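Report on one structure; see the data block that follows.
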Amino acid sequence: MKRTVEELLEEKYVLVDILPHRVPAGSPGQYFAVEEYLLREPQLSAVKQKHIDLILKLNCYRDISTDEWKTVNPPPEELAEAMRREPVMIMTGDSMFFSEPDDLCMTLYHPDGELLSLVRTLAAGEGLYVWEPDPETENG
């Protein structure tokens, strides 16, 4: 049975990100300056295109929906435009991606092992990383 958005938001999640793991507090680099740079155009559009390409490639293997299964496999152009324009919840099986147009990462809720493996492979092809946040540094 397909899970609801509310149920999925309470589940384990992973991040699909431009970095391989969380930057530790006190890191000697310049994370915030780099993040600010990447959040400006045209860099942000380039990152968002990687997210879009990952989801479209995933859709070659799995059904997806952006409206809680009222519409299955929306046209690629509509999905891409929605991901550029507004926050989108993309359902696949009992899992869900959350994508925001102005964010450098996507969140994948409740991935099963097969989906996680596929997403890791697709992310690597896009120059992205998949990692689990550490609950102890969740707000840090």
Rank-order 46-55, 73-82 by packing density, defined as the average count of other C-beta atoms within 10 Å over each peptide's residues, highest first.
46-55, 73-82
For the chain, the convex hull over Cα atoms projects on average to an area in nm² of 8.7
What's the exposure ranking of Cys105, Cys60, going from fewest to most Cβ atoms within 10 Å?
Cys60, Cys105
Assertion target for Met91, Met96, ordered by fewest C-beta neighbours within 10 angstrom first, is Met91, Met96
For the chain, built as a Gaussian network whose Cα springs stay under 10 Å, the top-fluctuating residue of Gly93, Gly127, Gly113
Gly113
Estimated 222 nm signal from helices in the chain, with DSSP H stretches of n ≥ 4 weighted -39500 (n - 2.57), rounded to 500:
-11000 deg cm²/dmol
Pair Glu100, Asp63: separation of 7 Å Cα→Cβ label points (nm):
3.0
Send over the semi-axes of the range 68-140's equivalent ellipsoid, whole angstrom and largest first, taken as the square roots of 5 times the C-alpha gyration tensor eigenvalues.
22, 16, 13
What do you get for Rg/Rh of the range 45-106 when both radii come from the Cα atoms and Rh is the Kirkwood radius?
0.92
Taking the beta-carbon count within 10 Å as an exposure proxy, list Phe98, Phe32 from fewest neighbours to most.
Phe32, Phe98
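Here, each number is a calculation from the coordinates, and none is a lab measurement. These figures come from a predicted structure and were not determined experimentally. As a convention, Cβ positions derive from the backbone with ideal geometry for all residues, glycine included, and neighbour counts pool all protein chains shown.
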